[in-house]
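A short write-up of the structure that comes next.
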Amino acid sequence: MTASPVTASSAPASSVSGLARPTVDALRAKILHHLEYTLAKDAGHSSRYDWRMATSFAIRDEMLKPWFAATRQTYDTGAKRVYYLSMEFLIGRLLEDAMINLGLHETIAAALAAEGQTLSDIIEDEPDAALGNGGLGRLAACFLESMATVGVPAHGYGIRYEHGLFRQRFEGGQQVETPEDWLSQPHPWEFARPEAAYIVGFKGHSELRRGKSVWVPGETVKASAYDTPVVGWQGKWASTLRLWAGLPTTQFDLERFNNGDYTAAAAPEALARTLSRVLYPDDTTPAGKELRLKQEYFMTSAALQDILRRYQSQFSTLADLPKHVAIQLNDTHPAIAGPELMRLLMDQHDMGWDEAQTVARATLGYTNHTLLPEALERWSTYLMGSVLPRHMEIIQRIDEDHAKAHKRPPSVGIVQHNEVKMGDLAFIMSHKVNGVSALHSELVKETVFHDLHKLHPDRITNETNGVTPRRWMRLSNPALSTLLDETIGEGWTRDLDHLKTLEPFAQDAAFREKFAAAKRANKVALAGWVQDTMGIDINPDAMFDIQIKRLHEYKRQLLNCFETIALWHNMRQTPDAGWTPRVKFFGGKSAPGYFVAKEIIHLINDVARTINADPVTGHLLKVVYPPNYNVSMAQRLIPAADLSEQISTAGKEASGTGNMKLTLNGALTIGTLDGANVEIRDLVGADNFFLFGLTADGVEKRRKNINHAREAIEDSQNLRDVLQMIVEGRFSPEEPDRYHGLVDRAWHHDHYLVAADFDSYWEAQRAADALYRTPQDWNRKAILNVARSGFFSSDRTIRGYMADIWDVPSALKD
Ligand code: 26W
């Protein structure tokens, strides 16, 4: 719950679909009912946890109506279904989102208040469902909510990790990871579905029987389903998130247990649970571990078996599968779906090779989310062959077919150098491949899939990412949401293009006042939270400059850190030069094994410690890096942002989605022409965007000059001073040579062109300083950013997938 003064306003009563909305008293009774009969607790002796669970169950009861209705209608109409396969769903908290979409926020607040309970405290008590690393996982969560709002008969399939993304804390400024355990308490939003369970095999061998290949797995586990309903805006439709948990197929080995061999007795259970034990915390470099491949196959096979079971309960001809089912692969992580669907169609449903391949390809779509070479999954043929011997056979033959069908250059091929390239497999086994921003989709054609694009020129399309305005505005920013409702009506929540009607108000001084007041209220609330949780005093009238995202060299948190040091250094020399006061916010986790990223975290914290203790600049500059950045913290930071840092090396950030959330909440962007920044700048207007840096082409050219960093540093007094201060231990007096490696890399291995872009970044930052000192101009531009951000709704993105890839109509009549 964003601690903003104004409470979130949910879907207005009249608009919630045909649903008789429960009154305050009815909901109060429901909560008390669950307290007594579901939790067996007396209202007088209930903890915050009890009240949260009882409130969650009361809301969950209301979710069942649209969920049942959507499920039933889809069966009755035989509507085409969409299945979104993802190893990650970065959901966050669900209580408030459900209340908002069901139009019950005020009602619940009143019901709880009548029982002396505070809704915001109860909302804060819910752990985040952190079943993802970053952009890819959060996009999947936004898509589920948008498919439920737009009316797509949709299921998300993933893994019910017992441990989501690790908790981050700082010790001596360094990241330390501890296991996340969201399931240490019962999770109120899931329904166990033990009847939906499937056997998944591994290893073993495949043999020919009567001319047919038959796989004889060496190990088996059971995938057991847990369903979570996802209700759309105004509760008109709902989608289902089905997550798989690993269970042993063999009984507990009592005999072994009785012989005292306890571990062996428990081994099958332990083995099975490892499959859904923990999320791999890497968001670029694949761990390449056998367990990760097994997790990917476990999720994918269970999903496909469930999809075919449901399909056959409605339709008889498997050859018609593509007419009734669309399956989307969220990056290459579920790419084994191609061979697995063919295996099921051939080995279990006697379909011929060619037909099975055609049906599979027509059913599958693949989304690429990254160009980073190290992020593209490649499994050794040895590992693939030992874990999935039957699939290795099928992959080999798919590759041979493709080679026969297309005169392809030697560089093209799924199996090469004893590796299976999952990107090529996903491309060849999908009827549509898409990038996630206009620039990225072009770069996908020119780089990672250049040769395949030549062979299949109409396969790659673009679907620019989006974010759900329900969580990222209506829920997170009630102050601005209420102002929008009063000014342009509530229609924007379902159709974000309505924001366009806000444009004229940018010229309205009175409206600008109200807009600035809403932003300031959010900043005051955030300042209070920073004081309470970190003991740092920040000025809510300073510019809140925010960079929140995973730590990665291409996202260039280091460039931001260098500019922060240069700003501090200049402020110290001329403290009375009329500087614009700033608070630099950083938020983000590093993959545990990514030491360069961890060193950057250490430096940022060391710089923060030094600057925050400096009495000379205390009123001008503060650096705040709250640990354990996650979805709930993003909901707290984004509404309070003035400046959005989107400073990645051009050509590296596939899209970005934080950039969209910050623009929607009235922040101005300082950024490069990378990912969706390009489309944000095009739509909000170049005058309302602080652009800097090399373009993607410029980066490729500059990289050819091996001395690009040294030359840039020698050209920049500011940057030289910064590197000098760092190398002499100015921020690490207790270990002066702590950053010698980092500074050496800045001079000699500046792969992401931090030095080359430093001066233009500095200039852009000073331009932001200047504009911030003219609040009327700043707010006019900020209002135009909000008014022109309608395109970045994930509803628009989903409508793109429905039209371009899935060929699925909305089940909702407008
Ligand atoms: C196997 C290791 C691994 C895990 C996750 C490799 C790569 C990933 C993801 C693709 C990384 C990711 O989250 N990519 C981000 O996806 C967002 C949603 O499309 C984009 O907005 C971001 O630009 C992109 O970095």
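No lab work stands behind these numbers, since they all come straight from the coordinates. Keep in mind the model is a prediction, meaning the values are calculated, not measured. Cβ: placed from backbone, ideal geometry, glycine included. Neighbour counts: every protein chain shown.
Could you compute the net charge surrounding Gly671? Neighbours are other residues with a C-beta less than 15 Å from the C-beta of Gly671; K and R count +1, D and E count -1.
In short, -4.
For the cross-link pairs Lys652/Lys781; Lys500/Lys781; Lys519/Lys661; Lys555/Lys781; Lys500/Lys584; Lys294/Lys421, which exceed 19 Å when the distance is taken from alpha carbon to alpha carbon?
Lys652/Lys781; Lys555/Lys781; Lys500/Lys584
For a test of the definition: using alpha carbon positions, the gyration tensor, and the 1.5 limit on a/c, classify region 144-258 as rounded, prolate or oblate.
It is oblate, given that a/c is not under 1.5 and a/b is not larger than b/c.
Between Arg397 and Arg273, what is the label-to-label distance in nm when each label sits 7 Å out along the Cα-to-Cβ direction?
The two pseudo-label positions are separated by 4.0 nm.
Using +1 on the beta carbon of Lys and Arg, -1 on that of Asp and Glu, and nothing else charged, what's the dipole of the chain about the Cα centre, debye to 20?
1260 debye
What is the Cα centroid distance between region 735-809 and region 43-77, reported in whole angstrom?
Here the two parts' Cα centres lie 39 Å apart.
Can you work out the Karplus-derived ³J(HN,Hα) for every residue in region 453-458? Use 6.51 cos²θ - 1.76 cosθ + 1.60 with θ = phi - 60°, whole Hz, and x for glycine or proline.
For region 453-458, the Karplus-derived couplings read 4, 5, 6, 10, x, 10 Hz, x marking Gly and Pro.
For Leu383 and Phe170, FRET efficiency with R0 = 45 Å and r from the beta-carbon atoms, rounded to 0.05?
The computed FRET efficiency comes out at 0.80.
If you line up the Cα atoms of region 545-681 on their principal axes, what length do they span on each, largest first, in Å?
Principal-axis extents of region 545-681 (Cα, largest first): 40, 35, 28 Å.
Can you tell me the relative contact order of the chain? Whole percent, Cα pairs under 8 Å, sequence separation 6 or more.
Computed over the chain, the figure is 14 percent.
Between Gln717 and Asp807, take the C-beta separation as r, use R0 = 51 Å, and let me know the FRET efficiency to the nearest 0.05.
0.30
Arg520: net charge of surrounding residues, Cβ under 13 Å, Lys/Arg +1, Asp/Glu -1, itself excluded?
Its environment carries a net charge of +1.
What distance in nm lies between label points placed 7 Å from Cα along the C-beta direction at Arg309 and Lys407?
Placing both labels 7 Å along Cα→Cβ, they lie 4.9 nm apart.
Would you mind counting up the charge near Glu463? Only other residues with Cβ under 11 Å from its Cβ, with Lys and Arg at +1 and Asp and Glu at -1.
Counting the neighbours of Glu463, the net charge comes to +2.
Calculate, for Glu700 and Arg766, the FRET efficiency according to 1/(1 + (r/R0)^6) with r their C-beta to C-beta distance and R0 22 Å; round to the nearest 0.05.
Efficiency computed from Cβ-Cβ geometry: 0.20.
Sort out for me the Cα centre separation of region 676-698 from region 251-288, rounded to whole Å.
49 Å
Express in nm, to one decimal, how much length is gained between Asp737 and Arg710 on full extension, taking 0.36 nm for each residue of separation and deducting their alpha carbon distance.
7.7 nm
Translational diffusion coefficient, Stokes-Einstein: compute it for region 105-152 using the Kirkwood radius over C-alpha pairs as Rh, at 20 °C and 1.002 mPa s, and state it as an integer in µm² s⁻¹.
My calculation gives 162 µm²/s for D.
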